[in-house]
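The block underneath contains the structure these notes are about, expressed in structure tokens.
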Amino acid sequence: MIDISVKDLVKSFEVGSNLLDGLSFEINSGERVGILGKNGCGKTTLLRILVGEIGYDSGSIMTAPGKRLGLMSQIPVYPENYTVDDVLKEAHRPLYELSAKMEQLSARMASDDSDSVMREYDRTAAEFEARGGYDMDVERAKVANGLEISEKMRSQPFGELSGGEKTRVNLARLILEDTDILLLDEPTNHLDLRATEWLEGYLAGFKGTVLAVSHDRYFLDRVIKRAIEISDGKAEFYSGNYSFYAAERLRRYEEQLKKYEKEQKEIKRLDEAARRLYQWGTGNQALMKKSQAIRSRIERMEKTGKPKQDKRLHIKFSERSFEGDEALVIEGLTKSFDGRTLFSGLDLTVGPGERIGIIGDNGAGKSTLIKIIVGEETADAGRVRRGPAVRYAYLPQIVTFDDPHRDLLDTMLYSEKCTPQQARDRLGAFGFSGEDVFKPVSALSGGERSRLRLCMLMRSEINLLILDEPTNHLDIASREWIEDAVEEYDEALIFVSHDRYFIQEFATRIWALENGRLIDFRGDLAAYNEYKSRQLSLQQTAKAVERKKEKPQRRKSPGSIEKQIARLERDIARAEEALAAIDRELEANATDYEKLMELGEKRSQAEEQLDALYLEWEELSENE
């Protein structure tokens, strides 16, 4: 069954320039589809058109009858006195109406015990139960906890929240509404790692259709099964996740380029033949006709357009050679905020060339730690000391400039003390060329501001690079060029990020801020996640053992113990065989990322069960 059908859709915001130019596609019920393309290609416009927020010029849109669409980026205006909990309860408004009707009918039954009233009450109660009315409070708490909407936040006025917090609450409301078709516009932009993983888990079990616009490559790999790329206002189709899309897109480009080059070579050969025949054919009608026939053949040829490829910016940081053993030393660092301890007594040393990724939940203190390191904030106790030969560059999460009314060229001239030609050359290397250099800084997008700040940072030699959410709000092409620049940089790097691709690519050491303490883990993100999974499994096993010890134990006879040991040994053998089977599946699916993630979770559960069986076997063996 088709949930969404778009045919020949045209939308323009400027006369003579179509943003969407004959866009056509269909999405079947239950599909997970990613909408990909450069910033400004029309992805968000398409989602807004689908929910009827804005109109379109021509074409047609069809959604399946009775199916409800929900757009995450669309934040409704609520009454001024609404709290976050009031907003979340809006998702269950129909259930509250049914509950109120049940109360009214119950009150009527006190004086009217007719069959009609009883039947109406039974119907209403059955509908209330079938739609999850008795579980709505639990469901609301579960979704709020998953998206880290705390009890304290739930009591706050919705209007006082930040933009990111409003987006999170709106996503929670959308999920609670049990929408049939979810339209997600950059859903992970304001989520930390834990909340992003929760959302991925929720979508894995969601029965409806998902249409997602995202620049988070890990999210796209785990959620989507098909990709639609918007290019020049039209749709290109890819039958796989993001990794498949990236590889297939490159293959199609290379194939089209070969075909184009072959055609151009043939056209050049024919053109040269026609030219020679024309020169030789002066006074010879037969040769002149042959020349004209070749020209006509060239015109009739079906020509392949020259394929386009995103320009990769060849940029790199100027590096200053490091001398010494310590790039950065943190001693006894403590910081509290609003009565809550973010971290306490931190003692850390950063050596030359180390690459450190700082991770943790929103509000854990990641950006605060960075700001203390660069001197923008002061610690409650302790100190930060940089090596004497260290020169650092810092890219903050929110980029500002001295005078946002200056254009890009003047900003470079005032800041860098360079010549106009040098400024133009450097701006050009960062993708700002032609008339772009005369734009006021205030007109730049968040990603463009980050790019301009990086252009300015690369002016001098550095040996400590500090980045706070460097890929936030960047499209995939922009993320790739900043990754190219960081890849070329070999000195010390400290960064905060929720972008799992970026963290896995560059961090060789993890600082994880969690509940007021910092875990210093030497390894990449994948190794850290494995470590955390093992720790969680051990904690759960220990809790299970404690609960078992707390239960009153019936004294068992020696024969009874022997039977239980024999049973456990059979269970252990079966559990070990199940674990071995999972390991064989892991080897067989070594290139299937999605299957590996599923099998990894399955293996963790199997290991946990086996550990519990071993512990029980050891206890019984001691009592034998």
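Data table
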{"item": "Mean Cβ count within 10 Å, highest first, over the residues of peptides 372-385, 497-510", "result": "497-510, 372-385"}
{"item": "By average C-beta atoms within 10 angstrom, highest first, the peptides 603-613, 243-253", "result": "603-613, 243-253"}
{"item": "In Å², nearest 10: area of S415 left accessible to a 1.4 Å probe", "result": "50"}
{"item": "Of all accessible heavy-atom area on region 339-468, the percent that carbon and sulfur account for (1.4 Å)", "result": "45"}
{"item": "Cα-centred dipole magnitude for region 247-288, charges only on beta-carbon of K, R (+1) and D, E (-1), debye, nearest 20", "result": "80"}
{"item": "Label zone at T349 (point 7 Å along Cα-to-Cβ), backbone N below 18 Å, region 373-401", "result": "383-390"}
{"item": "Subset of K152/K366; K89/K602; K259/K290 violating a 23 Å alpha-carbon distance limit", "result": "K89/K602; K259/K290"}
{"item": "As computed over region 347-476, the Cα convex hull volume per residue (Å³)", "result": "146"}
{"item": "Cβ charges +1 (Lys, Arg) and -1 (Asp, Glu), total dipole of the chain, debye", "result": "2340"}
{"item": "Between helix 420-429 and the chain: long-axis angle, C-alpha atoms, 0 to 90°, nearest 10", "result": "60"}
{"item": "Dimensionless Rg over Rh [region 155-238; C-alpha; Kirkwood]", "result": "1.00"}
{"item": "Förster-model FRET efficiency, 56 Å R0, R275 and E376, C-beta, rounded to 0.05", "result": "0.25"}
{"item": "Extended-chain gain in nm, criterion 0.36 nm per residue less alpha-carbon gap, R567 and T334", "result": "78.6 nm"}
{"item": "Karplus-derived HN-Hα couplings along region 133-144 (A = 6.51, B = -1.76, C = 1.60, θ = phi - 60°), whole Hz, x at Gly and Pro", "result": "x, 6, 10, 5, 5, 5, 5, 5, 5, 5, 5, 4"}
{"item": "Per-residue ³J(HN,Hα) for region 354-364, Karplus 6.51 cos²θ - 1.76 cosθ + 1.60, θ = phi - 60°, Hz, x for Gly and Pro", "result": "6, 10, 10, x, 9, 10, x, 5, 4, x, 6"}
{"item": "Fraction of antiparallel bridges per DSSP, the chain only, in percent to nearest 5", "result": "50"}
{"item": "Nearby aspartates and glutamates by direct alpha-carbon distance to K207 (threshold 17 angstrom, same-chain neighbours under 8 apart not counted)", "result": "D3, E31, E139, E177, D178, D180"}
{"item": "Accessible area (Å², per residue) of region 460-517, counting only protein heavy atoms and a probe of 1.4 Å", "result": "28"}
{"item": "Mean projection area, nm², convex hull over Cα of the chain", "result": "45.8"}
{"item": "Principal-axis tilt of helix 558-588 within the chain, Cα atoms, nearest 10 degrees", "result": "10"}
{"item": "Cα-based reach from K289 at 16 Å (exclusive), listing lysines while leaving out same-chain residues under 8 positions away", "result": "none"}
{"item": "In degrees, nearest ten, helix 193-205 long axis to first principal axis of the chain (Cα)", "result": "90"}
{"item": "Normalised per residue, the volume of the convex hull around the Cα set of region 118-158 (Å³)", "result": "91"}
{"item": "Highest-first arrangement of 348-355, 93-100, where packing means the average Cβ count within 10 Å", "result": "348-355, 93-100"}
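The values are calculated or read from the model by the stated rules, or taken from the named source; none is laboratory data. Quick caveat: nothing in here was measured; it's all calculated off a predicted structure. Backbone-built Cβ (ideal geometry, glycine too); neighbour counts: all protein chains shown. Side chains included, ligands, DNA and RNA excluded: accessible areas come from the protein's heavy atoms. Shrake-Rupley method; radii C 1.70, N 1.55, O 1.52, S 1.80 Å.
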